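The values are calculated or read from the model by the stated rules, or taken from the named source; none is laboratory data. In this text, all values refer to a predicted model and were calculated from it rather than measured experimentally. Cβ coordinates were reconstructed from backbone atoms using ideal geometry, including for glycine residues, and neighbour counts include every protein chain displayed.
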Amino acid sequence: MKKLLLIIVVFTFFASACNKEEDTTLTAKITWKDESNFDLPDKWKATVYKGAFSFLKDADYSNTALETKDISVNTASMDFVVQCKDYENYTIVIFHDENGNNKFDKGENYGVEFDGVDAGKGGTYDISVMY
C-alpha cells in the first residue's frame with residue numbers, strides 16, 4: 001500500500017511539473033511607415049492576445065487581450081512576458097486607440113502579427129504600421 005501511495009505521489013509531482021507554465025518573452029519588432037495618410041502622433045497601444053487572430057473577422061475583436069501597453073511612434077520594439085505551457089499561439093497588435101478605451105476596436109489603424117512559440121523560448125513578431 002505504501003509503495004502504491006509513493007507511486008501516486010511521484011506521478012502527480014511529475015505530471016504537474018510537465019504542465020508548468022513558464023515565463024515566455026514575446027518581442028514585437030516594429031517598423032513605422034510614415035505615409036502621411038494619417039495624422040496620428042499619439043494614443044498608440046501595443047497589445048497581446050493568446051491565440052492566432054488576423055482581425056479580418058468581426059469575431060476576432062471580441063477576444064480579451066492579455067496585456068495592453070502605451071507605445072510611441074518610432075518605438076523600435078516592445079516586449080511582453082506571458083505564461084506559456086508547451087507550444088501556444090499569440091497575436092501582437094500595434095494600434096491607434098481612436099476612442100481612448102484602451103482596447104483594439106474595428107476600424108482603428110493597426111499592424112498585426114501572430115505566431116506560435118515554445119514555452120520558455122519566446123518569439124519575435126515583425127510588425128509594420130502605416131500612419
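Numbers at a glance
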quantity	calculated
Selection within the stretch 122-131 - modelled with pLDDT of 95 or more and within 18 Å of E22 (Cα to Cα)	G123, T124
Filter result for D58 (over 12 Å from the mean Cα position of the chain (by Cα) and in contact (Cβ under 8 Å) with a residue 24 or more places away in the chain)	yes
Output for the stretch 21-65, where each listed residue is β-branched (V, I, T) and touching a Leu at 6+ places or on another chain (Cβ under 7 Å)	V48
